[in-house]
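This report refers to the structure that appears directly beneath it.
None of the figures in this text is laboratory data; all of them are computed from the coordinates on show. Keep in mind it's a predicted model, so treat the numbers as computed, not measured. Note: ideal-geometry Cβ built from the backbone for every residue, glycine included; neighbour counts use all protein chains shown.
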Amino acid sequence: MLCRFVDENLIGSPDLHLMAPDGLKYPQPSIMYGRTDIVSVTPWLAPVVWEGTFNPVILDSIYQKKNISIAATVFAVGKYIMFLKNFLETAEQHFFVGFRVNVYVFTDRPKEVPEVKMAAGRELIVRSVPSSKRWQEISARRMELIQTLIEETLLNNVDYIFCLDVDSKFHSRWGTESLGGLVAVIHPGYYQDNRDKFPYERRPSSRAYLAPGEGDFYYCGGAFGGLLMEVHQLAKTCHKNFEDDAKENIEAAWQEESHLNRYMWTNKPSKVLSPEYLWQDFKPRNPEIHTVRFSGVIKNYAEVRPH
Ligand SMILES: CC(=O)N[C@H]1[C@@H](OP(=O)(O)OP(=O)(O)OC[C@H]2O[C@@H](n3ccc(=O)[nH]c3=O)[C@H](O)[C@@H]2O)O[C@H](CO)[C@H](O)[C@@H]1O
Ligand SMILES: [Mn+2]
């Protein structure tokens, strides 16, 4: 048995030493043939995950052996509670099925959290947060709450975390192929555009500032994740920069999404998820999108956001 020679610490570490079980059979991989309509690696050699670039059977068997556990955070403040049922029900069908998952719901309406039947090893945890008058504030406060959740609750309990928008639902698999150190999702609205069209924060006085000629991709604020300590670093930095900006009366163009994009410019994601991982229901599906895994539902902003 080869495994006798592998250090236990190596196997125990979620992102190191990918060990497949004996006897697994699957189609032969190729470095010659594959998808040619998309790019599946960044210039710093991080994979870009698209349908057809990975084998879920291999990946699941590797991570099953490691017995990983995953936390997901979702905020449902004010009327956004209406999106929660659909989000949770579809997560049960598609999000890390067969793995240990804890979903943390942050809401000001804990009594309205729907009853959703969760599979064994999966749990729903509700956290109360105050309501807010400005939607910008709700969206921006997420980084702070994620930071504290990691520090106070998740440390030593969880391997990976994903932070997701609630006004969305799963349509097909989102699983172990998405795991990595720091994981960013390409925003569906800008991936065909020149970087000068990206809605980065353009005022040098903001800590989210990106200059012309800077920025790799436009990543979305509605989904990101990775290893616990990587996401902690991200959340802590974005929260601090947001607060320091606020003291100087500046709010970045797209709040924490702008700070996240600034962070990812310096701290390159080790895995990038294609727009399959956050599409938008109002957008017709482009030909390179073979499967929509998670997408934002159509909503009437005037109806759901506080004014
Ligand atoms: C696809 C994507 O990346 N969307 C981003 C985008 O548009 P969105 O238009 O998708 O933002 P949004 O209205 O969904 O707000 C972001 C999230 O904040 C929470 N929320 C918001 C308002 C509210 O009253 N109650 C509540 O709970 C909820 O979890 C929601 O999903 O711009 C926002 C601006 O900051 C965030 O960066 C979003 O992540
Ligand atoms: Mn959203």
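What is the sum of charges around TRP44, taking Lys and Arg as +1, Asp and Glu as -1, for the other residues whose C-beta is under 13 Å from the C-beta of TRP44?
Working: positive: LYS268, LYS271; negative: ASP216.
Charge balance near TRP44 sits at +1.
At most 14 other Cβ atoms within 10 Å plus a DSSP loop assignment makes a site exposed; report the longest stretch of the chain without any exposed GluC sites (Glu not before Pro).
Working: sites that count: GLU115, GLU214, GLU248.
Excluding the exposed sites themselves, the longest stretch runs over 1-114.
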Handout entry: Restricting segment 1-54 to chymotrypsin sites (Phe, Trp or Tyr not before Pro) in coil, as DSSP defines it, with at most 15 other Cβ within 10 Å
Key = TYR33, TRP44
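Roughly what percent of Cα-Cα pairs across the chain reach past 27 Å?
Value for the chain: 43 percent of Cα pairs lie more than 27 Å apart.
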Problem - Taking the chain and dividing mean pair separation by its residue count, relative contact order in percent (alpha carbons under 8 Å, at least six apart) - result: 22 percent
Practice task
Please identify, among ILE289, ILE68, ILE31, the residue showing maximal mean-square fluctuation in a Gaussian network model of the chain using a 10 angstrom Cα cutoff.
Solution key: ILE31
Practice task
Determine the shape class of segment 1-158: with a ≥ b ≥ c the square roots of the Cα gyration tensor eigenvalues, call it rounded for a/c under 1.5, and otherwise prolate if a/b is greater than b/c, oblate otherwise.
Solution key: prolate
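Please label the shape of segment 152-282 as rounded, prolate or oblate, based on the square roots a ≥ b ≥ c of the eigenvalues of the alpha-carbon gyration tensor (a/c under 1.5 means rounded; beyond that, a/b larger than b/c means prolate, else oblate). Could the numbers behind the result be given before it?
Working: a/c = 1.81, a/b = 1.20, b/c = 1.50.
Oblate.
Give the Kirkwood hydrodynamic radius (Å, one decimal) of segment 11-96, defined as one over the mean of 1/r across all pairs of different Cα atoms. Let's see the in-between values first.
Numbers: mean 1/r = 0.0605 Å⁻¹.
The Cα-based Kirkwood calculation yields 16.5 Å.
Find, among the chymotrypsin sites (Phe, Trp or Tyr not before Pro) in segment 203-307, those assigned to loop by DSSP (not H, G, I, E, B) with at most 11 other beta-carbon atoms within 10 angstrom. Before the final figure, lay out the partial values.
Values: sites: TYR209, PHE217, TYR218, TYR219, PHE224, PHE242, TRP254, TYR263, TRP265, TYR277, TRP279, PHE282, PHE294, TYR301; in loops: PHE217, TYR218, TRP254, PHE282.
Answer by residue number: PHE282.
If you average the sequence gap of Cα pairs under 8 Å that are 6 or more apart and divide by the length of segment 45-203, what percent do you get for the contact order? Don't skip to the end; give the middle numbers.
Numbers: 192 pairs, mean separation 53.5, N = 159.
Answer for segment 45-203 is 34 percent.
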